[in-house]
Amino acid sequence: MSDATPELHQQPFSDRLSWLEQLASRHSAAFIAGTAAREAYLAQHPTKIIALKCMDGRIHLPHATQTPLGIIQPYRNLGGIFNLGWPYLGDLLCDDINQALAQGRPVLVLISYHFSAGARERGCAGFQHDRDAALAQALQIRDQLQSIFAASEQCYALVVGFETDSDALVLHGSTGRMLDLSQYSPDLSPQLPALLQQLCPLLPAAMQRDLLPLLLGNLRHSALQRQQRRQLDIEHREWMLCLGRGFDFLHVPNIALIIGPFSPDLSQPVKKAAA
């Protein structure tokens with residue numbers, strides 16, 4: 001999904017800013033219009049879902065899972081690189097999780113990495129397009145979360161790959177098994193509950209029920225993407241560098257690089273993004 005024309009990066013800066021304001025206004029209007037749907041969804045699926053993900057605009061989990069805006073809470077950083085030993089990140093994430101747990105809501109943390117099945121160079125630039133390195137980082141974050149919240153059965157960390165050519169999800173189970181949704185069609189969706197149970201036997205049943213709508217939505221979405229002739233945005237031609245939080249409306253490829261205010265040393269991610 002892209003609201004930008006291929007020539008946007010060549011337009012006068014004033015025109016680009018006007019386009020940006022219109023994009024933000026449309027996102028705001030869509031979020032407000034979806035209030036009733038969001039409240040109805042949360043009443044049926046109360047699990048709090050947090051996503052740690054890369055700043056790449058292609059990684060738009062609500063769109064790829066057909067989930068109402070505001071259900072998945074994003075944390076974004078260069079390459080999806082996080083360390084819970086970073087004081088601000090650790091405090092912020094733990095506060096979010098503990099607040100939900102105190103409300104009686106279970107918490108599912110999706111730790112994502114991304115890659116391209118069609119071309120290595122379309123993978124995550126934060127890891128020099130190395131899928132194995134991105135996956136290793138995600139597994140390390142999962143281990144950190146499991147260690148911190150080992151005493152709670154209501155907080156679960158799940159590593160999820162995002163294949164950017166088709167927007168299909170790849171789930172990594174605790175036993176080393178994988179569930180690659182690009183290998184399934186929507187017609188096979190009745191098999192998903194059993195497949196998820198086999199993949200994540202320790203994931204509480206209530207959280208499995210709340211994760212299934214995302215997986216079903218991704219089956220439908222990724223199947224549609226594979227049927228269409230997509231323009232695969234290979235070239236990085238971003239013209240915005242954002243530092244901080246609150247840029248959820250910028251899920252457009254090749255527009256912005258977003259660095260979360262989490263690392264104690266922001267000079268390295270800023271240098272990589274600026275390069």
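The values are calculated or read from the model by the stated rules, or taken from the named source; none is laboratory data. What you see is a predicted model; the values in this text were computed from it and never measured. In this analysis, Cβ positions are derived from the backbone assuming ideal geometry, glycine residues included, and neighbour counts consider all displayed protein chains. Note: accessible area is taken over every heavy atom of the protein model, side chains too, but ligands, DNA and RNA are not part of it. Shrake-Rupley method; radii C 1.70, N 1.55, O 1.52, S 1.80 Å.
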- Non-local residues with an amide H under 5 Å from the amide H of A51, with H modelled 1.01 Å from N and Pro and chain starts lacking one, are Q73, Y75, L110
- Task: Evaluate the distance, in nm, between pseudo-label points positioned 7 Å from the Cα of A117 and of Q44 along their respective Cα→Cβ axes.
- Result: 2.8 nm
- Query: Among T47, T67, T175, which one moves the most in a GNM of the chain with springs linking Cα atoms closer than 10 Å?
  - Reply: T175
- Fraction of accessible area attributable to carbon and sulfur, the chain (%, probe 1.4 Å): 53 percent
- Message: Here are a few candidate values for Rg and Dmax of the Cα atoms in Å: (1) 18.2, 55; (2) 19.1, 59; (3) 26.6, 85. Which one was actually calculated from the structure I just gave you?
- Response: (1)
- Query: Can you work out ³J(HN,Hα) from phi for every residue in segment 189-196, in order, using Karplus 6.51 cos²θ - 1.76 cosθ + 1.60 and θ = phi - 60°, giving whole Hz and x for Gly and Pro?
  - Reply: 4, x, 7, 4, x, 5, 5, 5
- Item | Formal net charge of residues neighbouring I111 (Cβ-Cβ distance under 9 Å; K, R +1; D, E -1) | +2
- Hey, can you rank 159-166, 103-110 by average C-beta count inside 10 Å, highest first? 159-166, 103-110
- Could you run the Karplus curve 6.51 cos²θ - 1.76 cosθ + 1.60 with θ = phi - 60° over segment 18-27 and give me ³J(HN,Hα) per residue in whole Hz, x for Gly and Pro? 5, 4, 5, 5, 5, 4, 5, 5, 5, 5
- FRET efficiency estimate (nearest 0.05) - Cβ-Cβ, S28 to A133, R0 25 angstrom: 0.10
- Item | Label-point separation in nm, S185 to Q197, each point 7 Å along Cα→Cβ | 2.6 nm
- Message: Expected output is a single nm value to one decimal: the length gained when fully extending between E153 and F13, i.e. 0.36 nm times separation in residues minus the C-alpha distance. What is it?
- Response: 45.4 nm
- Of all DSSP beta bridges in the chain, antiparallel share, percent nearest 5: 25 percent
- Query: At what distance in nm do the modelled label points of Q66 and A206 sit from each other, each positioned 7 Å from its Cα along Cα→Cβ?
  - Reply: 2.7 nm
- Provide Y184, Y113 ordered by accessible surface of protein heavy atoms (probe 1.4 Å), highest first. Y184, Y113
- Item | Charge-dipole axis of segment 47-268 as Lys and Arg at +1 and Asp and Glu at -1 on Cβ define it, positive-most pick from W86, L203, A134 | L203
- Query: Taking only protein heavy atoms and a 1.4 Å probe, what accessible area per residue, in Å², does the chain have with all protein chains in place?
  - Reply: 47 Å²
- Query: Where the only charges are on Cβ atoms (+1 Lys, Arg; -1 Asp, Glu), what is the dipole of the chain about its Cα centre, to the nearest 20 debye?
  - Reply: 220 debye
- Query: Of A36, V270, L110, whose Cα points farthest to the positive end of the dipole of the chain (charges on the beta-carbon: +1 Lys, Arg; -1 Asp, Glu; origin at the Cα centre)?
  - Reply: A36
- Which of rounded, prolate, oblate describes segment 122-266, given a ≥ b ≥ c as roots of the alpha-carbon gyration tensor eigenvalues and a/c under 1.5 marking rounded, otherwise prolate only if a/b is larger than b/c? oblate
- Task: Only helical DSSP H runs with n ≥ 4 go in: add -39500 (n - 2.57) per run for the chain, normalise by residue count and round the 222 nm mean residue ellipticity to 500 deg cm²/dmol.
- Result: -12500 deg cm²/dmol
